[in-house]
1. What number goes with the only condition from (1) in contact with a helix residue (DSSP H, G or I) (Cβ under 7 Å, 6 or more places away or on another chain); (2) closer than 14 Å to Phe361 by Cα; (3) surrounded by fewer than 19 Cβ atoms within 10 Å (Cβ to Cβ) that Tyr50 does not pass?
2. Criterion first (within 30 Å of Lys98 (Cα to Cα), among the acidic types (Asp, Glu) and loosely packed, with under 15 Cβ neighbours inside 10 Å) does Asp367 satisfy it?
3. Just give me the residues in region 151-179 being β-branched (Val, Ile, Thr), away from the ligand (no atom under 16 Å from the Cβ) and buried (at least 20 other Cβ atoms within 10 Å of the Cβ), in sequence order.
4. Across region 198-235, what is the total count of residues that are surrounded by fewer than 24 Cβ atoms within 10 Å (Cβ to Cβ) and acidic (Asp, Glu)?
5. Only residues that are touching a Ser or Thr at 6+ places or on another chain (Cβ under 8 Å), within 21 Å of Gly213 (Cα to Cα) and not hydroxyl-bearing (Ser, Thr, Tyr): list them for region 95-131, please.
6. If a residue has to be within 16 Å of the ligand (Cβ to nearest atom) and either more than 24 Å from the chain's Cα centre (by Cα) or of a type in the set (S, T, N, Q) (or both) to count, how many in region 45-67 make the cut?
7. Filter region 77-103 for residues that are under 19 Å from the mean Cα position of the chain (by Cα) and not in a helix (DSSP H, G or I) and give the result.
8. Which of the residues belonging to region 180-229 are of a type outside the set (A, V, I, L, M, F, W, C), within 14 Å of the ligand (Cβ to nearest atom) and within 16 Å of Ala301 (Cβ to Cβ)?
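The values are calculated or read from the model by the stated rules, or taken from the named source; none is laboratory data. The structure displayed is predicted, hence computed values, not measured ones. A quick note on method: Cβ atoms are made from the backbone with ideal geometry, for glycine too, and the neighbour counts reach across all protein chains shown.
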Amino acid sequence: MKSLDLFANSKLAELDAQHLRRVLAETAREDGIWINRGGRRLLSFSCNDYLNLTHHSTVKEAAIAAIERHGTGAGASRHITGNHLLYEVLEGRLARLKETEAACIFGSGYLANAGIIPALIGEGDLLLIDELSHACLWAGAQLSRGRALTFRHNDVVHVAELLEANRKAHQHALIVTDGVFSMDGDLAPLNELAALAQTHDAWLMSDDAHGLGVIGGGRGSVFADGKKATVDLQMGTLSKALGSYGGYLCASKPVIDLIKTRARTLIYSTGLPPASVAAAIAALDVIAADPELAARPLAKAQSFTRATNLPLAQSPIVAIVLGDAVAALEASQILEREGFLAVAIRPPTVPAGTARLRLAFTANHSDEDIARLARLVRERILPMAA
Ligand SMILES: Cc1ncc(COP(=O)(O)O)c(C=O)c1O
């Protein structure tokens, strides 16, 4: 056997022994909440399609019309010939929504974070990152070659200490956090972080992948308190509540101009298919036309946490931490037997010892189904967590 295959097999055996091997399950999504998997129809609480817009008729029609008009692919990176006219429309819409001067669309949220951070931070600079930040923020931090220091989750006192001790020895400093934490569902203390950033001449970046469309009246976690927090770099994705694909950054015009000329993941990657951009624009239209829609996923999550006596949900994401991977897999199977899909989340996606069920509530989940899920979680899953 080739040494490469031997290497792969021994790695897989290690993962198997720890119940950490992942395999892709073929999944047919029906309508935004129902899925078919392994021959079974299940009600999904694992899709990030918070507003169920992946299957919304006007969003689909916009994508189809874009294919007819512009073709299926961008044909090249945005800097070559891939910058079709829908980009300008979407960038303008996002900048207005986020109250920034400009915006830049990337091929995905992951590409955005892997491109933005190294374009702004380099050797001799400081980067402070929440310990529970998403993997792609870590990827951007590592690519940047700045000095990355981790702060305890949502601990602004720790951020202040790290800035006091380290800021002066570095030219620039960037504080990086999820706005809505993807695996826990809690919100970052953006106002406090912004105040610290201002005091220490640091920049603040938040990743609002799970906030756009569902928090702050749909404008994202930067607007969670009703007015805008001072966040210099508002990053997010089109792939969750907007039901499409692609990432974005909203910021001042000079910053966006710099990103457009320096972010390697923008320059050296093909532009998004026109259909993805058109779908995101149509999704923003749907959200703007129905002011109640954006509030529904959070209201559903809160009805679930009330019914289960879990801490009140701050976002549509609710985590039920079970500890080891085997327990999380077992809990997922219990729910699956009852017709619910709640995928087990295991390390390294979450820290060791905190494997969990991560539930994502969406606008179209019915109150009856949520009540049934809550009963099951109360009776069968929470006792496992105790
Ligand atoms: C917090 C966070 N940031 C970024 C991403 C990456 O976004 P995308 O799926 O568009 O690459 C995700 C989702 O996977 C996420 O949860």
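1. (3)
2. no
3. We begin by selecting, within region 151-179, every residue β-branched (Val, Ile, Thr); these are 156-157, 159, 175-177.
Subsequent filtering for residues that are away from the ligand (no atom under 16 Å from the Cβ) retains 156-157, 159.
Val159 - this is the single residue of region 151-179 that is β-branched (Val, Ile, Thr), away from the ligand (no atom under 16 Å from the Cβ) and buried (at least 20 other Cβ atoms within 10 Å of the Cβ).
4. 3
5. Selection gives Glu101, Ala102, Phe106, Gly107, Gly109, Leu111, Ala112.
6. 3
7. Selection gives Ala103 alone.
8. Residues of region 180-229 of a type outside the set (A, V, I, L, M, F, W, C): 182, 184-186, 189, 191-192, 198-201, 206-208, 210-211, 213, 216-221, 225-228.
Adding the requirement that they be within 14 Å of the ligand (Cβ to nearest atom) leaves 182, 184-186, 206-208, 210-211, 213, 220-221.
The answer is Ser182, Asp184, Gly185, Asp186, His210, Gly211, Gly213, Ser221.
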